[in-house]
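Engineer: Got a structure for you, questions after.
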Amino acid sequence: MDPLINALDSTLRTLFAPPHAARACPTVPQPDTPLTAAERRAAGALMRVNHVGEICAQALYASQALATRNPALRAHFEAAARDETDHLAWTEQRLAELGEHTSRLNPLWYAGAFGIGLLAGRLGGDPVSLGFVVETERQVEAHLASHMDRLPPGDHSSRAIVAQMKDDEVRHADAALQAGGVPLPNPVRGLMRAAAKVMTGTARYI
């Protein structure tokens, strides 16, 4: 029952409670250059997408922790989720600073990601579940790298957050690979990319 209770607790905290970061929000020495209204909207749209990604990360790690029967692997997923909680708090804080809202579809994103993570864990077992983490984090890493090119040059606050998130995602992917993750078939990887495009395209606006 404990994994089920933990999964339920994670769901409620992610969707209905303000996230609290264990690490300080990343910063850079130089202050932000004043942003135009258009730049604030552009940065807000990108940070909203990143916030949705962290909602999905919480769901994926909670579902995979629920699916595994390996206590050590469950602890691995829960530790990664704590890093993602930092990301969730940082992106939510930055959205507020930019005067932007989080996605109104967060419960839908969470439910979809939870179902996918549970399916990967139950049907594929631990190696496939870990492989799913590897592929997810590699795709997120590429997605964050693209945001570094698209964020307004003067938005140093958002760029510092995205850079730290990218470093953390690389670390999560490497850890999952070392823990026994197996490569996913190309069609599965393609489906994951297609689903991510739908999510990011929608979350920019809603």
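Rule-based calculations on the coordinates, nothing more; no lab input. If you're wondering where the values come from, they're calculated on a predicted model, not measured in any experiment. Cβ: placed from backbone, ideal geometry, glycine included. Neighbour counts: every protein chain shown.
Engineer: How would you rank 79-91, 114-126, 5-17, highest first, on the average number of other Cβ atoms within 10 Å across their residues?
Structural biologist: For the peptides 79-91, 114-126, 5-17, the packing ranking is 79-91, 114-126, 5-17.
Engineer: Then there's this: Can you tell me the orientation of helix 2-16 relative to the chain, as the angle in degrees between its alpha-carbon axis and the longest Cα principal axis, to the nearest 10?
Structural biologist: 20
Engineer: Could you give the dipole magnitude of the chain about its Cα centre, charging the beta-carbon of Lys and Arg +1 and that of Asp and Glu -1, in debye to the nearest 20?
Structural biologist: Charge dipole, the chain, about its Cα centre: 500 debye, nearest 20.
Engineer: Helix-derived [θ] at 222 nm for the chain: sum -39500 (n - 2.57) over DSSP H runs of at least 4, divide by residue count, nearest 500?
Structural biologist: -27500 deg cm²/dmol
Engineer: I need the shape label for region 99-206. Rule: rounded when a/c is under 1.5, else prolate if a/b > b/c, else oblate, with a, b, c from the alpha carbon gyration tensor. All intermediate terms of the calculation are to be shown ahead of the outcome.
Structural biologist: Details: a/c = 2.23, a/b = 1.44, b/c = 1.54.
The shape class here is oblate.
Engineer: Label region 23-85 by shape, choosing from rounded, prolate and oblate, from the square roots a ≥ b ≥ c of the eigenvalues of the Cα gyration tensor; if a/c is under 1.5 it is rounded, and otherwise prolate applies when a/b is larger than b/c, oblate when it is not.
Structural biologist: Because a/c hits 1.5 or more and a/b fails to exceed b/c, region 23-85 counts as oblate.
Engineer: Compute the long axis of helix 37-67 from its Cα atoms, compare it with the longest principal axis of the Cα atoms of the chain, and write down the angle in degrees, 0 to 90, nearest 10.
Structural biologist: 10
Engineer: I'd like the orientation of helix 106-150 relative to the chain: the angle between its Cα long axis and the longest Cα principal axis, in ° from 0 to 90, rounded to 10.
Structural biologist: Long axis of 106-150 versus the principal axis of the chain: about 20 degrees.
Engineer: So, one more: Shape call for region 96-137 from the C-alpha gyration tensor, a ≥ b ≥ c root eigenvalues: rounded (a/c under 1.5), prolate (a/b greater than b/c) or oblate? Please list the in-between numbers first.
Structural biologist: On the way: a/c = 6.13, a/b = 2.28, b/c = 2.68.
The shape class here is oblate.
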